[in-house]
Amino acid sequence: MNKLKLTKVFILFFISVFGQETDTLSFYSNIFNSERTIYVTKHEFYKYQSKEVKLLVIYLLDGHHEWFVNPIQNTIYYLQYTHQIPQALIITIPHQNRIKECAIDDVNKLDLPLLRFITEEIDSMIQVYNPNEYKIIIGHSFSASFSLYSYLKKTNYFSAVIANTPMDRFEELIIIMENNKEINRDKIFISVGGSNSFDDGYHRATFENLKKKYPSFFSSINLYISENTNHNSVPIIAVPYFLKELFSGFNGRYSQIASVDSEYKLNYLPMSVKDEMYKIEQSSKIFNSFYPPELPEINGIASRYWNNNLLNYAEAVYQMGLKYYPNYFEFHLQLYELLVNRDKEKAKYHLNKAKELVEIIEFESTEKEEILNEIKIELKKNGW
């Protein structure tokens, strides 16, 4: 049984991730026979969500390299903030001996320690965070080859792989992946840098030779060739491109729900409240996995109904929001606004619930005081 030490921090050793919280998990690894540490970064709304919100998992190797992890972490956050990709648990894995841990001495082996460490020990550790079944692994150079190996060997565990400038055992991995009919090549993403010697010339030459040798494989996967980019800069440029490609349909999954024109008027008369909520639920997916609407999506859909004076619809959307984010006080405040002139008892409940949640959830003191004062004014105004 692994002993787990959990420390909550807001800055991950060298990583500054705006609005996100990182847990440091230190435990004894039976696989490596040593103490290990990983970092779990959660999105800013994680503390509000229910168990029904299962977040996809991004495994980020080379966690000991500041130059690699800093920009990748912040890129992920930016893409989430602009709603290009879904929220996720980011599992950053530092290596004690990168070469030894990522080295593939035999591509046919199934039990490389690092792979077992991720899929057994780390997987067990992160169950408390309620992970989604959709998992991505990202590596660079030596760890890029290991990422491809992991995707090949654990097709039922990893859903996609981003391998930036792989080299180690690259050709052997290509041969096996090309002949493996169970591999989903649409979810393989490989990048490489510039051809100049001072860029990524050595890796690029190998890449070009293999591309000519195995054209069917390279034509069936996702490639990013970054000219005039050196070896260590490739992932910084390629990863955001790959993530946007991987989740290309994510930001439009609710585009047909309460769609509006340039004046914010509904393009169609909605069906019943029940049917509209059913449409939202049916659109709540990441590929084949259920993934409920995020907070901005709830607010966006509700505001479109509200702006068109369909208050029952807006109310139903916010109630759905509370199903998935029961600790989010702002949904209660929105419901108070919707109900204050229609159902005083319900409005009173939601205003008091918002007050209760603001009091117990961490805030900057000035912001917390301002919100509580506004709530008290509303309570007094209504004689509550």
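Worth a mention:
- One residue alone among Ser147, Ser124 is in the same structural domain as Leu61 (by TED's automatic domain parsing), among the hydroxyl-bearing types (Ser, Thr, Tyr), part of a helix (DSSP H, G or I) and touching a Pro at 6+ places or on another chain (Cβ under 9 Å), and that residue is Ser147.
- Check on Phe189, more than 26 Å from the chain's Cα centre (by Cα) and aromatic (Phe, Trp, Tyr): no
- Taking the criterion of being of a type in the set (Asp, Glu) and either in a helix (DSSP H, G or I) or exposed (fewer than 15 other Cβ atoms within 10 Å of the Cβ) (or both), the only residue of segment 192-217 that qualifies is Glu208.
- For the condition crowded, with 18+ Cβ neighbours inside 10 Å and either under 29 Å from the mean Cα position of the chain (by Cα) or not β-branched (Val, Ile, Thr) (or both), Lys181 does not qualify.
- Taken together, Glu294, Glu330 contain a single residue that is out of contact with any helix residue (DSSP H, G or I) (no Cβ under 6 Å at 6 or more places or on another chain), crowded, with 20+ Cβ neighbours inside 10 Å and under 27 Å from Ile360 (Cβ atoms), which is Glu294.
- Selection within segment 171-185 - among the basic types (Lys, Arg) and in a loop (DSSP other than H, G, I, E, B): Lys181
- Condition check for Asp111: among the charged types (D, E, K, R), closer than 20 Å to His231 by Cβ, in the same structural domain as His43 (by TED's automatic domain parsing) and in a loop (DSSP other than H, G, I, E, B): no
- The numbered conditions (1) assigned to a loop (DSSP other than H, G, I, E, B); (2) of a type in the set (Val, Ile, Thr); (3) at pLDDT below 95 are all true for Ile85 except (3).
- The single condition among (1) within 23 Å of the chain's Cα centre (by Cα); (2) surrounded by 12 or more Cβ atoms within 10 Å (Cβ to Cβ); (3) modelled with pLDDT under 95 that Gly252 does not meet is (2).
- Within this structure, Ile76 passes the test of being in contact with a strand residue (DSSP E or B) (Cβ under 7 Å, 6 or more places away or on another chain), closer than 16 Å to Ile237 by Cβ and not in a loop (DSSP other than H, G, I, E, B).
- Test: residue in segment 323-333 that is at pLDDT 95 or above and among the polar types (S, T, N, Q): no
- Number of the condition not met by Lys353 [criteria: (1) at pLDDT 95 or above; (2) crowded, with 20+ Cβ neighbours inside 10 Å]: (2)
- Any helices (runs of 4 or more DSSP H) falling wholly within segment 287-351 and containing at least 3 residues that are in contact with an Asp or Glu (Cβ under 9 Å, 6 or more places away or on another chain) and within 20 Å of Leu372 (Cα to Cα): 329-339
- Qualifying residue in segment 13-20 (condition: of a type in the set (A, V, I, L, M, F, W, C), part of a loop (DSSP other than H, G, I, E, B), farther than 18 Å from Thr119 by Cβ and modelled with pLDDT of 90 or more): no
The values are calculated or read from the model by the stated rules, or taken from the named source; none is laboratory data. Since the structure is predicted, the reported quantities are computational estimates derived from the model, not experimental observations. Quick reminder, even Gly has a Cβ in these numbers, built from the backbone with ideal geometry, and neighbours come from all protein chains shown.
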